[in-house]
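Undergrad: Sharing a structure with you now.
The values are calculated or read from the model by the stated rules, or taken from the named source; none is laboratory data. Please read these numbers as outputs of a predicted model, since none were measured by experiment. Here the Cβ positions follow ideal geometry from the backbone for every residue, glycine too, while neighbour counts run over all protein chains shown.
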Amino acid sequence: MITTDTTTTLLKKHFGFDSFRPNQEAIINDLLSGKDLLAIMPTGGGKSLCFQLPALMLSGTAIVISPLIALMKDQVDALHANGIPAAFYNSSQSIDTQNEVLQNLREQNIKLLYVAPESLNFLLPHLNENNVSLFAIDEAHCISAWGHDFRPAYTQLGKLKKQFPNIPVAAFTATADVATQDDIVKQLHIPKAQKHLASFDRKNLYLEVRPGTNRLPQILRFLRNRKEESGIIYCLSRRSTETLAEKLVANGFQAQAYHAGLDTEERSRIQEDFVNDRTPIIVATIAFGMGIDKSNVRWVIHYNMPKNIEGYYQEIGRSGRDSLPAQTLLFYSFADVVKLRQFIEESPNREFQLAKLERMQQFAEALSCRRVALLNYFGEHISEDCGNCDNCKTPPQFFDGTVLTQKVCSAVYRLSENEPVGMLVDVLRGSKNAQLYEKGYQNIKTYGTAKDIPWLDLQQYIIQMVNQGILEIRFHEKGRLLLTPLAKKILFEGRKVKLASLQTKEKPALKERVEKPETFGLFEKLRQLRREISIEENVAAYIVFSDASLKDME
Ligand code: ADP
Ligand code: MG
Ligand code: ZN
């Protein structure tokens, strides 16, 4: 094992840094001892260094798979500036240049070689177990169709481990939900990969979700005391960015619309005005934000709901980079769900995207701590509620849901962790449906033990358990439910569970919420609609309601 002294000395010598960021040292040590690994670290967390430093220490050349040809050159230039011999290999180069790179590889003149996945096949014949030190796969979520940015060329990376079983393979990404994490490991054939999961928690971001009705007045109220602060409002369509920006200007705010339809010059002007505090408010499509380095964004509003939690997380993450408090506000409406579903219908991996949208909805409808729900999605479990989200600040009426949760968990176990929410509800309610009987589920011990809870309420309680990280939905495997380690604590170690009561109306503790009728009343209404939508899957019927909630956009 290489000593800490050596790695910190090299860190200082080659990169000029005094200490490691979280997880860097552990990842480096794993690579130095030849282990495969999967590292999930936020953007800017310092992933590159995790493979660059071991590359210097090991014999041979580190092969780095990187999706963007444009970024490859920057990375190699930066390495050269630090005196590290490196090169890249891709289709933008002439044959002569490519041959020169291969020559350098043969003569072992370079410590790192960046390659595009599409060009890997040309490189493979020149690689062997003696001249390669490690494989680093950047943006590894691109290998999975369940990820949010699938790249077919990545799928062939599975052959690396087969062809070079003794060379460590290290996968890096900034966002991958639990299902995608598992898929990366599977597709790369690195079942024993060490997992390094950096914290996704951004404690300084206040998380809030409101029903998406009367959004404009709500936004004006939100902005009243924030005239000087920088913030971003994300909309779904180009047109709505323009309409909303105009309305804000008409109300005395300084706002600019930004979307991919504007010409390059105008886009960079708007961006610069924002970065330099000349325009405080940007109303944008998701085209805005990538690569923008502004630390004092104080708030992010989602006028429309994003299509998955990865997108939501990335977009709210653009606020509060200076670690000072920042506000995030998501408007949740069925109009958006309907529209997003329509978009998704036309996409190639429709099924996964619909499931991800469903998870986004479940997050928006969470009744307990939002941060717990958000972090659980990425596989990170925190034990305490955060105190910095709408649900922590104004909690709904909770009851001791331990017994119900135990029943649910034990049913999940008896169903061999192999059934989706619908079947689970049927079993617990003692349904007589034919499919259930065919499978013999009427004989299991928990059959009918939650008869007294209405179907939709029981479904909603189970979703709360998902949001609390007690159960996990494998949406890519027909939505089957699994028990998490937390479930085992509840079943066997007497851990208690709080669930938000759905029969809240008569309960006294609700007073607080009733005083904010627009919040509570609409959530009830949304939940009602949600129920209908999930039962009938008949989207058309809800367009009437959708249009009403969109009115302020016309
Ligand atoms: P990622 O790929 O995870 O988004 P990068 O590897 O591009 O992040 O690193 C982001 C920035 O952090 C870079 O400017 C890098 O030089 C810097 N950095 C990385 N490790 C350290 C460290 N240990 N100390 C200080 N800065 C670091
Ligand atoms: Mg990176
Ligand atoms: Zn919270």
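Undergrad: If I filter the stretch 11-37 down to residues being in contact with a helix residue (DSSP H, G or I) (Cβ under 6 Å, 6 or more places away or on another chain) and not in a loop (DSSP other than H, G, I, E, B), which single residue comes out as farthest from C142 (Cα to Cα)?
TA: It comes out as L32.
Undergrad: Restricting attention to the stretch 387-410, which residues are closer than 21 Å to K489 by Cα and in contact with a strand residue (DSSP E or B) (Cβ under 9 Å, 6 or more places away or on another chain)? Give the steps one after another, and end with the answer.
TA: Looking only at the stretch 387-410, we keep the residues that are closer than 21 Å to K489 by Cα, and these are 398-410.
Passing the criteria: F398, F399, D400, G401, T402, L404, T405, V408, C409.
Residue by residue, here is whether (1) of a type in the set (F, W, Y); (2) farther than 20 Å from T7 by Cα; (3) more than 16 Å from ligand 2 (Cβ to nearest atom); (4) surrounded by 23 or more Cβ atoms within 10 Å (Cβ to Cβ) holds:
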{"site": "K35", "(1), (2), (3), (4)": "no, no, yes, no"}
{"site": "A39", "(1), (2), (3), (4)": "no, no, no, yes"}
{"site": "L56", "(1), (2), (3), (4)": "no, no, yes, no"}
{"site": "A62", "(1), (2), (3), (4)": "no, no, no, yes"}
{"site": "L68", "(1), (2), (3), (4)": "no, yes, no, no"}
{"site": "A87", "(1), (2), (3), (4)": "no, yes, yes, yes"}
{"site": "S94", "(1), (2), (3), (4)": "no, yes, yes, no"}
{"site": "N99", "(1), (2), (3), (4)": "no, yes, yes, no"}
{"site": "N104", "(1), (2), (3), (4)": "no, yes, yes, no"}
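Undergrad: Just wondering, is there one or more residues in the stretch 117-128 that are within 16 Å of ligand 2 (Cβ to nearest atom) and crowded, with 21+ Cβ neighbours inside 10 Å?
TA: So far as the stretch 117-128 goes, yes, one or more of its residues are within 16 Å of ligand 2 (Cβ to nearest atom) and crowded, with 21+ Cβ neighbours inside 10 Å.
Undergrad: Within the stretch 320-331, how many residues are at pLDDT below 95 and either in contact with a Ser or Thr (Cβ under 8 Å, 6 or more places away or on another chain) or crowded, with 24+ Cβ neighbours inside 10 Å (or both)?
TA: Count: 2.
Undergrad: Take the residues in the stretch 300-311 that are modelled with pLDDT of 95 or more and out of contact with any Lys or Arg (no Cβ under 7 Å at 6 or more places or on another chain), then tell me which one is farthest from F475 (Cα to Cα).
TA: I301
Undergrad: Could you please tell me which pairs satisfy a Cβ distance under 9 Å, a separation of 6+ or placement on different chains, a first residue in the stretch 362-378 that is in contact (Cβ under 8 Å) with a residue 24 or more places away in the chain and in a loop (DSSP other than H, G, I, E, B), and a second residue that is within 16 Å of ligand 2 (Cβ to nearest atom) and among the small types (G, A, S)?
TA: Filtered contacts from the stretch 362-378: F378/A176.
Undergrad: When the residues of the stretch 9-27 are filtered to those that are charged (D, E, K, R) and within 16 Å of L197 (Cα to Cα), which remaining residue is nearest to the chain's Cα centre (by Cα)?
TA: Selected residue: R21.
Undergrad: For the stretch 245-258, does any single residue satisfy the condition of being of a type in the set (S, T, Y) and either surrounded by fewer than 21 Cβ atoms within 10 Å (Cβ to Cβ) or within 26 Å of H141 (Cα to Cα) (or both)?
TA: No, the stretch 245-258 contains no residue that is of a type in the set (S, T, Y) and either surrounded by fewer than 21 Cβ atoms within 10 Å (Cβ to Cβ) or within 26 Å of H141 (Cα to Cα) (or both).
Undergrad: Could you tell me whether any residue of the stretch 164-175 is assigned to a loop (DSSP other than H, G, I, E, B) and of a type in the set (V, I, T)?
TA: Checked the stretch 164-175: at least one residue is assigned to a loop (DSSP other than H, G, I, E, B) and of a type in the set (V, I, T).
Undergrad: Filter the stretch 139-165 down to residues that are touching a strand residue (DSSP E or B) at 6+ places or on another chain (Cβ under 7 Å) and at pLDDT 95 or above and give me whichever is nearest to E351 (Cα to Cα).
TA: For the stretch 139-165, the residue satisfying everything is A140.
Undergrad: All but one of (1) in a helix (DSSP H, G or I); (2) within 28 Å of D457 (Cα to Cα); (3) modelled with pLDDT of 90 or more hold for Q314, so report the exception by its number.
TA: It fails just one condition, (2).
Undergrad: So, one more: Condition check: more than 29 Å from the chain's Cα centre (by Cα), part of a helix (DSSP H, G or I) and among the β-branched types (V, I, T). Does V408 satisfy that?
TA: Judged against the criteria, V408 is not a match.
Undergrad: Can you tell me which residue among E438, E419 is of a type in the set (D, E) and crowded, with 17+ Cβ neighbours inside 10 Å?
TA: One residue alone meets the criteria, E419.
Undergrad: Now a separate question. Give the residues of the stretch 171-196 that are out of contact with any Pro (no Cβ under 7 Å at 6 or more places or on another chain), surrounded by 16 or more Cβ atoms within 10 Å (Cβ to Cβ) and under 18 Å from S48 (Cα atoms), sorted by residue number.
TA: Residues satisfying the conditions are A171, F172, T173, T175, A176, Q194, H196.
Undergrad: What is the one condition in (1) crowded, with 18+ Cβ neighbours inside 10 Å; (2) of a type outside the set (F, W, Y); (3) within 14 Å of G422 (Cβ to Cβ) that K478 does not satisfy?
TA: Answer for K478: the failing condition is (1).
Undergrad: I've got another one for you. Which residue, of Y332, Y413, is in contact with a helix residue (DSSP H, G or I) (Cβ under 9 Å, 6 or more places away or on another chain), closer than 19 Å to R474 by Cα and of a type in the set (F, W, Y)?
TA: Within the list Y332, Y413, the selection yields Y413.
Undergrad: Can you tell me how many residues in the stretch 247-274 are closer than 19 Å to L223 by Cα and aliphatic (A, V, I, L, M)?
TA: Residues that pass the stated criteria total 5.
Undergrad: Now a separate question. Being within 13 Å of ligand 1 (Cβ to nearest atom), at pLDDT 95 or above and closer than 19 Å to V169 by Cα narrows it down to one of L32, L49, so name that one.
TA: Residue meeting the stated conditions: L49.
Undergrad: Could you give every pair whose Cβ atoms fall below 6 Å, whose first residue belongs to the stretch 46-62 and is over 18 Å from N128 (Cα atoms), and whose second residue is within 10 Å of ligand 2 (Cβ to nearest atom), counting only separations of at least 6 or pairs across chains?
TA: Cβ pairs passing all conditions: K47/M41; K47/F172.
Undergrad: Also: If A70 satisfies all but one of (1) out of contact with any Phe, Trp or Tyr (no Cβ under 8 Å at 6 or more places or on another chain); (2) modelled with pLDDT under 95; (3) of a type in the set (G, A, S); (4) within 18 Å of A170 (Cβ to Cβ), what's the number of the condition it fails?
TA: Unmet for A70, out of (1) out of contact with any Phe, Trp or Tyr (no Cβ under 8 Å at 6 or more places or on another chain); (2) modelled with pLDDT under 95; (3) of a type in the set (G, A, S); (4) within 18 Å of A170 (Cβ to Cβ): (4).
Undergrad: Given the structure, is K111 of a type in the set (D, E, K, R), surrounded by 19 or more Cβ atoms within 10 Å (Cβ to Cβ) and in contact with a Ser or Thr (Cβ under 9 Å, 6 or more places away or on another chain)?
TA: yes
Undergrad: Could I ask something else about it? Please give the number of the condition T394 fails out of (1) within 12 Å of ligand 3 (Cβ to nearest atom); (2) at pLDDT 95 or above.
TA: Among (1) within 12 Å of ligand 3 (Cβ to nearest atom); (2) at pLDDT 95 or above, T394 violates only (2).
Undergrad: Let me ask something additional. Can you find even one residue in the stretch 44-67 that is under 22 Å from C142 (Cβ atoms), in contact with a His (Cβ under 9 Å, 6 or more places away or on another chain) and outside any strand (DSSP E or B)?
TA: Yes, the stretch 44-67 contains a residue that is under 22 Å from C142 (Cβ atoms), in contact with a His (Cβ under 9 Å, 6 or more places away or on another chain) and outside any strand (DSSP E or B).
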